[in-house]
């Protein structure tokens with residue numbers, strides 16, 4: 001095994017047998033992702049593109065948490081301002097990855113923890129997995145081209161319930177919506193995802209990447225266009241009164257009050 005980052009980082013990255021493992025490792029903050037973590041994940045995905053020895057990328061969290069989404073404290077102090085921001089660099093990298101992406105999901109997968117899965121080729125989740133897309137709840141809008149990909153995957157009504165209501169949903173609901181390939185019992189999610197990643201790594205690499213490219217070809221331009229449009233609106237929404245109220249309520253530990261907005 002070749003370890004590409006040290007154990008003191010919040011993104012633990014290592015390679016073994018053609019599989020690049022990207023581990024979100026901030027359990028004390030429920031794996032909330034800050035700017036540096038987005039940069040590290042984007043860099044790892046870019047490294048995978050450039051390294052022919054890497055055949056597959058496996059993304060995982062901890063045994064009881066995939067990620068609680070954006071670190072809102074970090075987010076409020078220095079919100080993304082454009083496509084050069086770390087979060088948008090990560091979204092570009094994951095949406096344009098040419099090699100198969102496998103995800104192992106345990107516990108909460110909130111916000112980008114759910115939407116990044118739309119760009120993965122195989123997603124395996126434990127019975128404790130919980131998903132949520134609370135962008136509207138925060139006065140924001142969807143990202144990661146989820147306003148396009150989620151309706152395509154789950155159907156409009158299911159996607160509307162997920163994106164407009166912003167309520168958590170369980171792994172059975174995620175499986176029924178097509179977001180998850182298989183529900184894995186107990187603590188075997190990572191082992192199963194790794195076995196699948198190793199299976200892919202043993203496939204003919206050119207044929208593997210060509211097949212993925214052919215499957216993604218007809219939606220790639222639309223994904224890039226929608227992601228850019230979502231990004232512009234997302235940045236604008238960050239300075240909106242609704243987002244200000246949502247964040248203020250979050251930090252104060254109180255319910256947000258949108259009754260005065262029209």
Q: Please state which of the following conditions residue 162 fails to meet, knowing it meets all the rest: (1) in contact with a strand residue (DSSP E or B) (Cβ under 7 Å, 6 or more places away or on another chain); (2) within 24 Å of residue 26 (Cα to Cα); (3) surrounded by 23 or more Cβ atoms within 10 Å (Cβ to Cβ).
A: (2)
Q. Which of the residues belonging to the stretch 235-262 are more than 23 Å from the chain's Cα centre (by Cα) and assigned to a helix (DSSP H, G or I)?
A. 241, 242, 244, 245, 248, 249, 251, 252
Q | Every residue from the stretch 22-35 that is outside any loop (DSSP other than H, G, I, E, B), without any contact (Cβ under 8 Å) to a residue 60 or more places away in the chain and surrounded by 17 or more Cβ atoms within 10 Å (Cβ to Cβ) | A | 22, 23, 24, 35
Q | Candidates 78, 64 - the one that is surrounded by fewer than 17 Cβ atoms within 10 Å (Cβ to Cβ), within 18 Å of residue 114 (Cβ to Cβ) and touching a residue at least 12 places away in the same chain (Cβ under 8 Å) | A | 64
(Q) Contact list please: Cβ distance under 7 Å, first residue in the stretch 163-185 and at pLDDT below 95, second residue assigned to a loop (DSSP other than H, G, I, E, B), pairs at least six apart or on different chains. (A) 185/127
Q: Kindly list the number of the only condition in (1) part of a helix (DSSP H, G or I); (2) touching a residue at least 40 places away in the same chain (Cβ under 8 Å); (3) touching a helix residue (DSSP H, G or I) at 6+ places or on another chain (Cβ under 6 Å); (4) farther than 23 Å from residue 106 by Cβ that fails for residue 142.
A: (1)
Q. In the list 150, 117, 58, which residue meets the criterion of being in contact (Cβ under 8 Å) with a residue 24 or more places away in the chain, within 22 Å of residue 171 (Cα to Cα), in contact with a strand residue (DSSP E or B) (Cβ under 9 Å, 6 or more places away or on another chain) and part of a helix (DSSP H, G or I)?
A. 117
Q: Exactly one condition in (1) farther than 22 Å from residue 21 by Cβ; (2) surrounded by 13 or more Cβ atoms within 10 Å (Cβ to Cβ); (3) out of contact with any helix residue (DSSP H, G or I) (no Cβ under 7 Å at 6 or more places or on another chain) is not met by residue 225; state its number.
A: (2)
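The values are calculated or read from the model by the stated rules, or taken from the named source; none is laboratory data. This structure is a prediction, so every number in the text was calculated from the model and none was measured. Here the Cβ is made from the backbone with ideal geometry for all residues, glycine too, and neighbour counts use every protein chain on show.
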